[in-house]
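Worksheet for the structure shown next.
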Amino acid sequence: MTKRWGTLSKGRTLALIGLSVLMPVGASMVGASAAMAKTAPAGSQAKIHFRMMDWQGQDLYTTGYNNMIRAYEKLHPNISITQVFVPQGTGYESLLQTGYLAGSAPSLVELQQPNYETFYNDGYLVNLNPYMVKPTPYSHGTPWVDTFIGGPTGFQSIQEGNSAGAINVVPVDGDGNGPASWLGFYVNLKILHKSGIQHVPTTYTQFIADCAKIKKAGYTPIVADNDRWLAWVWYTLGAQMGNDYAAKFFPKKYAVPLLAPDEWAVAILDGKINAQDPLDLSMAKIAKSLVPYFQPGWVGTTINEGKILWMAGGGAFRMTGSWNYGWYQKNVKGFKFAVLGWPVYVVPKSASPYADQAWVKSGGQITSGWSVNAKLLKDPAKLRAVIDFLQYATSKSAQRAFSAVADSMPEVSGVPLPPADKPFVLPNSADTLAAPASTASPNAPPLMQNTATMAALSQEYLNGQISLHQFMTTMVADDMPYLRTEFENTIFSPKTGLPAQIKVDMATLKQDEREHAAKVVIASAQQALSLAQLRLQFYDRYALPYMKK
Amino acid sequence: MKRWRLRGVHREWLVGYAFILPALGFTLIFDYYPILNGMKQSLYDWNGVNVDRFVGLQNFRQILTDPVFGHAMANVLFFLAANIVLMVPTLTACIILFRLRSQRAQYIYRIFFMIPLVVPWVVMLLVWEFMYDPQFGLFNHLLTDLHLSAYRQLWLASPSEVKWCLVGMGFPWISTTAALIYLGGLMSIDPAIWEAAALDGAGSWARALRIEWPLLRGQFKLNLVGVLSGTLTGYGVQLLVTDGGPGYSSTVPGLYMYQAAFGGTQGNYGYASAVGLLLFVVAILMTVAMMRYVRSEA
């Protein structure tokens with residue numbers, strides 16, 4: 001399974017303390033229940049065909065999905081499914097964007113953060129909450145959401161990514177749900193041994209020392225690339241440095257994790273976080289300290305070229321963004337390899353005073369999965385079939401079969417973890433390192449708000465084309481127009497702005513009360529409304545004055 | 001009677017217009033409507049879906065104050081200069097081909113010209129990209145084999161070399177389409193001119209400079225317009241090979257536009273439309289200026 005770290009957004013991964021997970025599920029149940037009611041009854045025999053699109057081209061995953069699809073088609077002879085493979089890095093998101101606009105996107109699409117947030121907020125994806133709270137035909141009476149590892153908690157960051165609190169993806173193929181480490185570092189043991197290293201490093205300090213030894217022995221320590229690797233470096237630094245850094249600039253009443261991304265942004269706009277910001281400087285310096293260990297010409301190396309280089313024995317460590325161990329086991333020739341797992345990248349205080357010496361409590365947070373095209377709301381029979389397929393795909397039996405073939409981490413409880421995946425799993429002891437769920441990490445240098453310029457600017461800085469000072473000032477210069485536009489839309493947009501959202505929340509609440517909805521639903525609607533009002537108050541007070549300047 | 005004839009004439013016109021109507025309609029829908037819509041959207045903050053807010057000239061102000069756009073313009077001028085200079089090999093090759101007396105040699109030469117046309121452009125680019133690879137690439141391997149390891153380069157990974165490497169990708173810079181246009185022009189020259197030149201004792205250089213070049217000026221202008229608009233608005237090579245990097249070293253305005261629309265997590269189509277409109281204006285102005293200059297020299 002491949003993850004694209006380059007698209008990770010800020011402040012989305014932390015739990016929302018004080019809010020029960022089921023509340024937002026309940027809140028948006030009302031809005032989506034109408035759609036659910038229109039779906040065709042189970043067992044309909046009309047011929048149905050739908051397409052599902054993903055980026056999983058690896059043979060093991062393809063086999064796993066093929067087996068799953070064929071088994072499902074056997075169970076439901078009236079349904080046929082075509083799997084469409086579009087490799088990442090070939091415009092996967094652009095293809096979808098145009099597909100959704102044109103109404104030609106597949107019924108099921110595998111998405112990752114933040115694309116499912118963007119596409120959901122644009123109205124292209126189905127809110128799955130009403131289905132999640134009910135048992136599936138395969139769950140023996142257990143609500144769907146409870147069958148996943150981590151239960152409703154695993155969907156928390158997904159729900160925080162949209163104003164409706166909607167679950168809009170269903171994880172099927174080893175997202176890293178549960179206690180996964182997220183760190184797919186593969187290690188060429190032959191190079192380590194030739195460099196006089198007999199162990200696989202287990203701490204950051206050891207890792208850096210080993211890189212120095214490997215370099216001294218004449219080998220490349222880290223095979224870097226100019227895209228995913230960079231994003232990973234920033235993400236991993238941002239995820240373990242500067243928790244609650246932005247919140248300290250504002251009164252305590254705004255210290256709500258959901259507001260954290262807004263706080264980072266407003267703090268930049270009003271100059272509280274600026275080109276001299278010590279946290280950003282610290283992250284930038286640590287990232288730069290790794291550069292001497294990259295291969296020559298890393299800045300021209302694409303993701304796939306990096307993979308080829310490592311496979312050809314061109315370097316010791318490679319972060320692939322993948323825990324598809326089985327594929328590597330099958331395809332790596334000429335040397336033995338290992339997986340460098342948790343907690344190598346816990347930055348110690350000796351590296352930065354802003355190090356939290358902890359990894360954010362990411363375990364259990366789902367960051368990718370299958371989304372249903374909202375166009376199906378007009379085709380209830382097909383919608384029912386697609387949902388049923390997803391429910392089948394996340395049944396224990398289907399997950400067991402898929403995991404065994406694809407060596408992927410199961411997504412549902414009660415399915416054994418394939419032995420090959422064990423090195424990727426965060427040990428229980430590491431939980432003690434996790435930061436409290438109430439805090440908010442920036443998940444990248446706070447000044448790196450404009451994701452469109454992140455790769456190029458990082459390349460310039462790390463490659464020595466621009467100085468640290470230029471890097472910092474350019475990030476600030478890039479942020480200003482970007483944030484102004486974002487804020488203007490947040491406050492003034494008639495369709496997506498906060499006042500419009502508050503109106504919708506108020507209407508939802510009134511409707512819930514009128515219809516005597518369940519207490520949890522009403523409480524959740526009230527909570528959503530309060531949050532939107534708090535957010536607008538925050539913007540009015542702290543962003544508006546600077547936008548008028 | 002006269003009235004009937006007029007009616008007949010009108011009917012003929014109507015039939016004629018009916019034949020061109022589909023082409024006209026599609027041109028208006030697929031060419032002119034997007035251009036006009038792009039002009040409108042350049043004045044909006046538009047994410048392609050639900051954010052569509054009028055911002056006046058804000059997008060243009062932002063573009064013109066963005067140092068990356070300035071950098072991209074400088075890069076594209078470099079590529080433009082290189083591409084204009086690199087029109088010469090095609091022109092020269094065509095003149096040489098035309099002068100070949102052997103029909104068989106001409107045939108082989110033409111085949112040689114045409115083969116690149118059937119190789120997909122993307123494949124050629126990827127092959128070149130692979131040859132430039134610092135670790136596996138042909139060029140660094142050759143340098144090593146020739147005991148010139150000290151001269152190994154980072155090629156596309158070097159900010160100072162990347163633009164030259166991209167220009168080098170077209171080697172030997174023979175454009176098949178341009179060659180066909182030149183050959184068509186050469187073949188249409190009246191043979192009497194060559195006979196007169198031979199009688200006057202014109203040598204190779206004199207023929208090239210005083211006959212072939214002046215008579216091919218029309219074809220050259222046509223190709224020049226293609227090079228101008230293609231270079232100013234194009235970004236395919238940069239997108240596929242370097243993604244504008246390292247950093248912004250090979251970013252061109254077209255890629256800048258593409259990245260504004262598709263580069264971040266939220267498409268900024270209004271801004272991208274403004275970049276596109278600016279590029280359109282620059283391309284038109286430069287083309288008009290170039291055409292006037294070339295004509296005045298005639």
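The values are calculated or read from the model by the stated rules, or taken from the named source; none is laboratory data. This one's a predicted model, so the numbers in the text were calculated from it and none came from an experiment. In this analysis, Cβ positions are derived from the backbone assuming ideal geometry, glycine residues included, and neighbour counts consider all displayed protein chains.
Provide a single number: the residues in segment B:43-74 that are more than 9 Å from chain A (Cβ to nearest Cβ) and under 27 Å from the mean Cα position of the chain (by Cα).
10
A:Glu73: touching a residue at least 60 places away in the same chain (Cβ under 8 Å), charged (D, E, K, R) and surrounded by 14 or more Cβ atoms within 10 Å (Cβ to Cβ), yes or no?
Numbers: touching a residue at least 60 places away in the same chain (Cβ under 8 Å): no; charged (D, E, K, R): yes; surrounded by 14 or more Cβ atoms within 10 Å (Cβ to Cβ): yes.
Answer is no for this residue.
Of all residues in segment A:453-498, count the ones that are under 24 Å from B:Asp243 (Cβ atoms), modelled with pLDDT under 85 and among the small types (Gly, Ala, Ser).
Number of matching residues: 0.
Which numbered condition in (1) in contact with a Cys (Cβ under 9 Å, 6 or more places away or on another chain); (2) on the phi > 0 side of the Ramachandran plot is the only one that B:Gly247 fails?
(1)
Filter segment A:291-309 down to the residues that are more than 8 Å from chain B (Cβ to nearest Cβ), at pLDDT below 95 and within 23 Å of A:Ser195 (Cβ to Cβ) and list them by number.
If the condition is that a residue be more than 8 Å from chain B (Cβ to nearest Cβ), at pLDDT below 95 and within 23 Å of A:Ser195 (Cβ to Cβ), then A:Gly306, A:Lys307 are the ones that fit.
Inspect segment B:165-174 for any residue being closer than 24 Å to B:Phe69 by Cβ and in a loop (DSSP other than H, G, I, E, B) and give the result as yes or no.
Taking segment B:165-174 as the starting set, the residues that turn out to be closer than 24 Å to B:Phe69 by Cβ are B:165-167.
Add one more test, that the residue is in a loop (DSSP other than H, G, I, E, B), and what stays is none.
Scanning segment B:165-174, I find no residue that is closer than 24 Å to B:Phe69 by Cβ and in a loop (DSSP other than H, G, I, E, B), so the answer is no.
Report, by residue number, each residue of segment A:98-141 that is among the polar types (S, T, N, Q), at pLDDT 90 or above and in contact with a strand residue (DSSP E or B) (Cβ under 6 Å, 6 or more places away or on another chain).
If the condition is that a residue be among the polar types (S, T, N, Q), at pLDDT 90 or above and in contact with a strand residue (DSSP E or B) (Cβ under 6 Å, 6 or more places away or on another chain), then A:Ser107 is the only one that fits.
Determine, yes or no, whether A:Leu529 is within 29 Å of the chain's Cα centre (by Cα) and outside the structural domain of A:Gln295 (by TED's automatic domain parsing).
On the way: within 29 Å of the chain's Cα centre (by Cα): yes; outside the structural domain of A:Gln295 (by TED's automatic domain parsing): yes.
It is true that A:Leu529 is within 29 Å of the chain's Cα centre (by Cα) and outside the structural domain of A:Gln295 (by TED's automatic domain parsing).
Out of the residues in segment A:465-477 meeting the condition of being free of Cβ contacts under 8 Å to residues at least 24 places away in the same chain and either surrounded by 23 or more Cβ atoms within 10 Å (Cβ to Cβ) or under 13 Å from A:Ala284 (Cβ atoms) (or both), tell me which one is farthest from the other protein chains (Cβ to nearest Cβ).
So the residue we want is A:Ser467.
Show me the helices (runs of 4 or more DSSP H) entirely contained within segment A:49-144 in which 3 or more residues are touching a Ser or Thr at 6+ places or on another chain (Cβ under 8 Å). Give the steps one after another, and end with the answer.
Values: elements: A:59-75, A:92-102, A:115-121, A:129-132.
In segment A:49-144, A:59-75, A:115-121 are the helices (runs of 4 or more DSSP H) which contain 3 or more residues that are touching a Ser or Thr at 6+ places or on another chain (Cβ under 8 Å).
Applying the selection to segment A:95-112, what residues are crowded, with 24+ Cβ neighbours inside 10 Å and among the aliphatic types (A, V, I, L, M)?
Within segment A:95-112, A:Leu108, A:Val109, A:Leu111 qualify.
So for segment B:137-152 (the condition being under 17 Å from A:Asn463 (Cβ atoms) and either modelled with pLDDT of 90 or more or part of a helix (DSSP H, G or I) (or both)), does at least one residue qualify? Break it down stepwise before answering.
From segment B:137-152, those under 17 Å from A:Asn463 (Cβ atoms) are none; that's our starting set.
No: zero hits.
Quickly run through segment B:220-274 and pick out the residues that are β-branched (Val, Ile, Thr) and closer than 14 Å to A:Ala455 by Cβ. Working first, answer last.
Start the filter on segment B:220-274 by keeping residues that are β-branched (Val, Ile, Thr), which leaves B:225, B:227, B:231, B:233, B:237, B:241-242, B:251-252, B:265.
Answer for segment B:220-274, where residues must be β-branched (Val, Ile, Thr) and closer than 14 Å to A:Ala455 by Cβ: B:Thr242, B:Thr251, B:Thr265.
Quick check on A:Gly363: is it modelled with pLDDT of 95 or more and outside any helix (DSSP H, G or I)?
Numbers: modelled with pLDDT of 95 or more: no; outside any helix (DSSP H, G or I): yes.
In short, no.
Yes or no: segment B:205-218 includes at least one residue that is away from chain A (no Cβ under 14 Å) and within 25 Å of B:Val122 (Cβ to Cβ).
Restricting attention to segment B:205-218, the residues satisfying the condition of being away from chain A (no Cβ under 14 Å) are B:205-218.
Okay, now just the ones that are also within 25 Å of B:Val122 (Cβ to Cβ), so none.
No, segment B:205-218 has no match at all.
Kindly indicate whether any position in segment B:101-123 is within 12 Å of chain A (Cβ to nearest Cβ) and either surrounded by fewer than 19 Cβ atoms within 10 Å (Cβ to Cβ) or among the aromatic types (Phe, Trp, Tyr) (or both).
Of segment B:101-123, the ones within 12 Å of chain A (Cβ to nearest Cβ) are B:122.
Remaining after also requiring either surrounded by fewer than 19 Cβ atoms within 10 Å (Cβ to Cβ) or among the aromatic types (Phe, Trp, Tyr) (or both): B:122.
Yes - at least one qualifying residue is present in segment B:101-123.
If you check every pair at least six apart or on different chains, which have Cβ atoms under 7 Å apart with a residue in segment A:444-461 that is closer than 19 Å to A:Ala224 by Cα and more than 7 Å from chain B (Cβ to nearest Cβ) first and a residue that is at pLDDT below 85 and not in a helix (DSSP H, G or I) second?
A:Ala444/A:Lys10
Can you name every one of the helices (runs of 4 or more DSSP H) wholly within segment B:88-136 that holds 3 or more residues which are closer than 19 Å to A:Asn304 by Cβ? Don't jump to the end; show me each part of the working.
Values: elements: B:88-99, B:103-118, B:121-132.
Filter on segment B:88-136 gives B:121-132.
State all residues of segment B:231-275 that are under 27 Å from A:Phe119 (Cα atoms), away from chain A (no Cβ under 12 Å) and either out of contact with any helix residue (DSSP H, G or I) (no Cβ under 6 Å at 6 or more places or on another chain) or β-branched (Val, Ile, Thr) (or both); if no residue qualifies, say none.
Passing the criteria: B:Gly236, B:Val275.
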